[in-house]
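These notes concern the structure reproduced below.
The values are calculated or read from the model by the stated rules, or taken from the named source; none is laboratory data. Keep in mind that what you see is a predicted model, and the values were worked out from it rather than measured. Don't worry about glycine lacking a Cβ; one is built from the backbone with ideal geometry, like all the others, and counts go over all protein chains shown. Calculation scope for accessible area: heavy atoms of the full protein, side chains included, ligands and nucleic acids excluded. Shrake-Rupley method; radii C 1.70, N 1.55, O 1.52, S 1.80 Å.
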Amino acid sequence: MENKVSVGARVLVPFGTGNRKRVAVIIRIDNAAGEDLSKFKPIHSIIDNEPLLNEEMLDLMMWIRETTLCTYFEAFRTLIPIGLSVNFTQKYTLADEQEELSEDVLSEKASKLLEEIKSDISALDNAEHKYVDELVQASFLIEQDLVKRRTKDETVKMLKLSEEYLNGTLKANLSVKQKSVVELLESSGAASKKEITYICGVTPAVISNMLKKGLLEAYEYEVVRTPEVSADQDVNSIVLSEQQQQVYDGVTELIDNRQPCVSLLYGVTGSGKTPVFAKLIQYTLEQGRNVIMLIPEISLTPQVVQYFQSLFGDMVALMHSSLSLTQRLNEYKRVKSGQARIVVGTRSAIFAPMENIGLIIIDEEGERTYKSESSPRYNAKEIAKKRCITHNAVVLMASATPSIESFYYAKSGRYKLFSMTKRYAQDILPPVEIVDLASDGFYGNSTVLSERLVEEINYNLEKKEQTILLLNRRGYHTYISCADCRQPMVCPNCSIPLTYHKVNNRLICHYCDYSTDMTGVCGNCGSKHLKQTGIGTQKAEDEVAALFPNARILRMDADTTYSRYAYENSFKSFERGEYDIMLGTQMIAKGLDFSNVTLVGVLSIDKSLFAGDFRSYERTFSLVTQVVGRCGRGDKQGRAIIQTYVPEHYVLNLAAEQNYTEFYEQEIAMRKSLVYPPFCDTCTIEFSSVIDGCANTASKAFLGLIQNSISSGQIDVPIRVLGPSKCTYERINGKYRYRMIIKCKNNQKFRSYIGQLYKQSFKMKEFANVQTFLDINGDIGV
């Protein structure tokens, strides 16, 4: 067996006192000479003939476990595409020659189970494992291990009306919900289950019943793969400006040094960072090395991938979560085999099984999407730094609005700093006007658009130029309350108001996905006097359409882009000029390049500004700066309008000026005085339970562990504990939440300390009904 197994491969092993078979990964093979082998359990079978993880990936798995305090399994599953994961089941059959076996060796319960199995094999489904094992050991049952990989054809299940219903041979009394499904399919022909449940507001059970009755037919629709692409543009035709050339020369020098290095490119919007990336990628490939490029949003991938494929053809691989299992596995294999030498993707692309990495580019590096919100709670930027050390590579982070931490490290010499302060081809930054909504409303305007913004949109429509409008709230009305009892319509699972969606006439929770019909009646007192306030993208779309009836409007939010190719198709349509106005959430704010966009309107940004997180000013500044930078990127002058109730706020004014350096000076001074990153690290510990008192008690018990460890001298590193207290949204998905924030230094000593307390808490009765997680340098505002 020892000659067949290899480090990094998966095997089937007996686990626990019951020796239940489990999938395991070999992380080390030791010489067992002189050891008493009787205390070791044998490997049952081998799953992978070749190692699934190489030496670097195994080291990275261990590093993720140590730095994020997750389990081995959580770290392992992060490194491989889900298509490579396996499902393990066991199949049992009765032995053929049972008459030769003696039942005297069986216990009474095992004998009884054997008789039940002989008459019905399904009796095994609810049988106790120890008696099943007894029958296997006595050879009455034959056990077979079934290990299947989770890959399948790239298809989507579609639904249509059955032929029997359409030709009238099947008669049925339809419920109201079933009628809505029938009407949808009569008009559209076919739709996926997800589309039907959202548009019609029905549950999957309604669809299942219609299938059983023969009203619907299901079929698999094969999604055609992206065709092979070829490079039709020449990288050498890219002409760099003086500032771009300086950045190129500096980074290529770092690549030539073949020493691990982290650098930061600060470039104003429109300064031409992408052409610099292309030239650097070409240079890296010419050196015989490979490239990973991370982008923050899936919505950016169509434009980015199209650009780089036009330059490098099929050497570009795409990796992100919206790909099917088959597509992800296919791209994984292309990278691992060396067929693809450039990986473009979102956060998870940093784990691409690529050898000989020379350059890792992280575009819009300040975006929060690079931080995982589920275990393991890693930051892709930290993974990039780890891999850069392994490969002696260069990490190039870039943004017009770098994170405060990254810019601080660059200015202090920890990172190499490059700057591009001018727009490409000497284009000037768009002028920005701030409109006071309080004054606008005073004169009788109650729409989402100020009079000033209406004027500018009309001007754009006359000139046949395009407009982008940002409103970072989806839905129709974001707050509905009763005028009689004054209670809001809230989610029964969360302490959050429900958002009204006009498209399907439902109230939806954007945190747990609970939804209910909009009945027009207060659930608390039964009154019909409901007040609808707050404007989301659906309501804004209606108001914009009313003001500009001849305008072609494209709405981009989570409700219009849930299908796989929605981003790509919509952005291409807008680029071709098929729409005059694009209205959307933050997905339209960054990285997009449309030459005919000359006006940007920020409809409302105040909620982001006062979000309560110490990073709220930074995120607001970044969002406004980035969306303003979407206009004037062609040969036409752009301009922008910001609508707000706080027109004097310095963050909005600095964003309007595109003055990042002054904003940084203001923000870094505040961070230093309040001791927030980069002057410390943060470790957030959250406690959640379906019982409010249990979560509260557990949070206080953990605080007690910290206090006891300090008084007993178990910790010799400085920490500052804030809380515990209720989270901003104290109840999410039926669980009450409390948290504490520890200001600390994120090093091995602190992680070892907090990890020991974490394990100690598992044994305490106060944590019996409580889920706990730790997050280092994560979000602390929700």
Q. Any idea how far apart GLU455 and LEU703 come out in nm if each label point goes 7 Å out from Cα toward Cβ?
A. 5.5
Q. Picking from VAL448, TYR198, ASN524, whose Cα lies most toward the positive end of the charge dipole for the chain (charges on Cβ: Lys, Arg +1; Asp, Glu -1)?
A. ASN524
(Q) As an exercise, identify the trypsin sites (Lys or Arg not before Pro) in segment 322-402 lying in DSSP coil whose Cβ has no more than 14 other Cβ atoms within 10 Å. (A) none
(Q) Going 7 Å from the Cα of SER752 along its beta-carbon direction, which residues of segment 691-711 have the amide nitrogen within less than 20 Å of the resulting point? (A) 706-711
Q) Kirkwood Rh, segment 1-144, all Cα pairs: how many Å? A) 18.1
Q | J(HN,Hα) series, segment 511-525, from Karplus relation 6.51 cos²θ - 1.76 cosθ + 1.60, nearest Hz, glycine and proline x | A | 10, 10, 6, 4, 9, 8, 5, 7, 7, x, 10, 5, x, 8, 10
Q.
Relative contact order of the chain, please, whole-number percent, based on alpha carbon pairs below 8 angstrom and at least 6 residues apart.
A. 10
Q) Where in segment 294-335 does the label zone of THR369 land, with the point 7 angstrom along Cα→C-beta and an amide N cut-off under 13 Å? A) 294-305, 319-323
(Q) I'd like the carbon and sulfur percentage of the solvent accessible area for the chain, probe radius 1.4 Å, heavy atoms only, ligands and nucleic acids excluded. (A) 48
Q: For segment 496-590, state which GluC sites (Glu not before Pro) are in a DSSP loop and have at most 13 other beta carbons lying within 10 Å of their beta carbon.
A: GLU578
Q: Please work out the Kirkwood hydrodynamic radius for segment 157-210, using every pair of different C-alpha atoms, and report it in angstroms with one decimal place.
A: 11.3
Q: Roll a 1.4 Å probe over the protein chains and send me the accessible area per residue for segment 666-762 in Å².
A: 48
Q | Among CYS512, ILE496, ALA558 the positive-end extreme of the charge dipole of segment 461-570 (Cβ point charges) | A | ILE496
(Q) Can you give me the distance in nm between label points at GLN90 and GLU108, each placed 7 Å from the Cα along the Cα-to-Cβ direction? (A) 2.5
Q. How about segment 37-136: which GluC sites (Glu not before Pro) there are in a DSSP loop, with at most 16 other Cβ atoms within 10 Å of their Cβ?
A. GLU97, GLU128
Q) In the chain, what cysteines have no partner Cβ closer than 4.7 Å? A) CYS70, CYS200, CYS261, CYS388, CYS512, CYS631, CYS680, CYS683, CYS694, CYS727, CYS744
Q: Provide the FRET efficiency to the nearest 0.05 for the GLU253-GLN339 pair, computing r from the beta carbons and using R0 = 25 Å.
A: 0.25
Q. Tell me, what is the per residue accessible area of segment 474-574 in Å², probe radius 1.4 Å?
A. 47
Q) If the viscosity is 1.567 mPa s and the temperature 4 °C, what translational diffusion coefficient in µm²/s does Stokes-Einstein give for the chain when Rh comes from Kirkwood over Cα pairs? A) 43
Q: Would you kindly derive the ³J(HN,Hα) couplings of segment 567-575 from the backbone phi angles with the Karplus curve 6.51 cos²θ - 1.76 cosθ + 1.60 (θ = phi - 60°), listing them in order in whole Hz, with x for Gly and Pro?
A: 4, 4, 5, 5, 5, 5, 4, 5, 5
Q: Compute, for VAL770, the solvent-accessible surface of its heavy atoms (probe 1.4 Å) with the complete set of protein chains present, and express it in square angstrom to the nearest 10.
A: 20
Q) About the Cα centre of the chain, what is the dipole size in debye to 20, counting +1 per Lys and Arg Cβ and -1 per Asp and Glu Cβ, all else neutral? A) 1500
Q.
Compute, for segment 654-735, the length of the dipole vector about the Cα centre, with Cβ point charges of +1 (Lys, Arg) and -1 (Asp, Glu) only. Units Debye, rounded to 20.
A. 420
Q: Would you please give the FRET efficiency between ILE121 and TYR219, computed as 1/(1 + (r/R0)^6) with r the Cβ-Cβ distance and R0 = 41 Å, to the nearest 0.05?
A: 0.80
Q: Output the relative contact order of segment 45-175, whole-number percent, from Cα pairs under 8 angstrom with separation of 6+ residues.
A: 29
Q: Considering the options LEU174, PRO275, ILE457, tell which one lies farthest towards the positive end of the dipole of the chain, charges being +1 on Lys and Arg and -1 on Asp and Glu at the Cβ, about the Cα centre.
A: ILE457
Q. So if we plug the beta-carbon distance of ASP513 and ASN31 into 1/(1 + (r/R0)^6) with R0 = 56 Å, what FRET efficiency do we get, rounded to 0.05?
A. 0.60
Q) If you average the sequence gap of Cα pairs under 8 Å that are 6 or more apart and divide by the length of segment 277-406, what percent do you get for the contact order? A) 28
Q. Which value, in Å², gives the accessible area per residue of segment 338-427 when a 1.4 Å probe is used on the protein heavy atoms?
A. 34
Q.
Taking the Cα centre as origin and putting +1 on Lys and Arg beta-carbons and -1 on Asp and Glu beta-carbons, what dipole magnitude results for segment 341-419, to the nearest 20 debye?
A. 220
(Q) Just to be sure I understand the model, the point goes 7 Å from the Cα along the line to the Cβ. What's the resulting VAL690 to VAL7 distance in nm? (A) 4.5
Q: Considering only DSSP beta bridges where both residues belong to the chain, give the percentage that are antiparallel (nearest 5).
A: 55
